[in-house]
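Heads up, the thing below is written out as structure tokens.
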Amino acid sequence: MKKKPIAVICICSLIVIAGACLVQLSHRASAGDRNASNLATVVQLVPRSIQLGTIDSGSVAIKTISLKNNSGNILKIQRIIPSCGCTTVNAVHEISPHGQATLRVRYDTFKRTGEINKMISVWFSGYASHLEIPIQGFSSPVYIAPMSLFPKDALLGQKSTVKFEVRRIDNKMIKNPRLICKNLQEHSFKQTAGGIVISGSADNMMPGEVAAEARLECDNAPALVVPITYRVRGNYVSTPAMLNFGGVSDGKAVTRELRVSTLYPVDRVRIGFCPRSVKINLKRVSNKMISVVAVLDPKNLENNLLDSKVILYYGPNFREPVVIPAYAAVL
């Protein structure tokens, strides 16, 4: 008979403990809801958004915006995430009670034009929701110029040329122009009444994809970059393998042989360039095939290393080059 009161007491105790836990959880959930709903009143944006206005395409705009803490507690910032890679923001970790923090926002147009609608999300410790900072503006084109150039494919050793005109949309003069080119061995520009005419050429001594560019800088507008992409095709059917002599340790001469299948008939062949440590013997195997026998003398290697190329010429007036990489090292 004495066991029943003890069991009743245990059951009542469990009920009380469970009720207390439920009450505590409900308080935490309601506190979280209040935090989420109160974030808009705790943090104030000054101004309410970032207005870039009308900016030149290719330029960078820098603006500041303040986050004001209206509460009496320290606001800790967990993370700041821009909506795209074109926007960067300085790091801010906390905002003092009734204080404010300034965000420095940098927006790069990257040659884009048109409406600008971006967002910066700011997350705070203790709040389920986050703050969104709108970025608005318009990127206006500055130049009338090609976005990119795609010259026709060239044969190895055949020169590629490009020529295009650049003008400002507002017809203003381009002040103090400067031309910087990549993978164009020759380049120049001529200033005219309507703008600038840019010319460039490449020698194309190596086969493969060519990624060149022409960059125009001036004093009164953002820089203009025009990518130039094309392919250089070898004038041989089979791309010659590298003359890889490998590691040389005994000081003896090393011989390598390879054959090149050409697109055009091989009447005569001559050596255009050869490293001092390599001797080349050429033989016409067939109407469209050349045998290349290379002999390396390790004693003539500079700094015990060969990292060069052999250039052969064949065809009418020896206009068709064949470029063969050459490598060796003394162990």
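For the residues Val248, Val292, Val285, Val266, the requirement of being of a type outside the set (S, T, N, Q) and touching a residue at least 60 places away in the same chain (Cβ under 8 Å) singles out Val248. In segment 151-193, what residues are basic (Lys, Arg) and either free of Cβ contacts under 8 Å to residues at least 12 places away in the same chain or at positive phi (or both)? Hit for segment 151-193 is Lys190, nothing else. Among the candidates Lys111, Lys190, the residue that is within 27 Å of the chain's Cα centre (by Cα) and surrounded by fewer than 19 Cβ atoms within 10 Å (Cβ to Cβ) is uniquely Lys111. Across segment 193-214, the qualifying residues are those that are within 24 Å of the chain's Cα centre (by Cα) and surrounded by fewer than 15 Cβ atoms within 10 Å (Cβ to Cβ), and the one among them that is modelled with the lowest pLDDT is Met206.
Out of all the residues in segment 293-302, is one or more under 37 Å from the mean Cα position of the chain (by Cα) and either surrounded by fewer than 16 Cβ atoms within 10 Å (Cβ to Cβ) or not assigned by TED's automatic domain parsing to the domain that holds Leu263 (or both)? Within segment 293-302 (the criterion being under 37 Å from the mean Cα position of the chain (by Cα) and either surrounded by fewer than 16 Cβ atoms within 10 Å (Cβ to Cβ) or not assigned by TED's automatic domain parsing to the domain that holds Leu263 (or both)), the answer is yes, since at least one residue qualifies. Somewhere in segment 84-91, is a residue surrounded by 19 or more Cβ atoms within 10 Å (Cβ to Cβ) and over 30 Å from Glu217 (Cα atoms)? Checked segment 84-91: no residue is surrounded by 19 or more Cβ atoms within 10 Å (Cβ to Cβ) and over 30 Å from Glu217 (Cα atoms). Determine whether Glu217 is farther than 26 Å from Met173 by Cα and acidic (Asp, Glu). So Glu217 does not fit the description; no. Note on segment 146-204: enclosed strands (runs of 3 or more DSSP E) holding 3 or more residues that are of a type outside the set (A, V, I, L, M, F, W, C) are 160-168, 186-191, 196-202. Among the residues of segment 45-65, the one identified as touching a strand residue (DSSP E or B) at 6+ places or on another chain (Cβ under 6 Å), surrounded by 14 or more Cβ atoms within 10 Å (Cβ to Cβ) and closer than 15 Å to Ile95 by Cα is Ile65.
Within segment 120-139, the residues that satisfy the criterion of being surrounded by fewer than 16 Cβ atoms within 10 Å (Cβ to Cβ) and more than 14 Å from Leu39 (Cα to Cα) are Pro134, Gln136, Phe138.
The values are calculated or read from the model by the stated rules, or taken from the named source; none is laboratory data. Here the structure is a predicted model, which means the values were calculated and not measured. For neighbour counting, all protein chains shown are included, and Cβ atoms are generated from backbone atoms with ideal geometry for every residue, glycine included.
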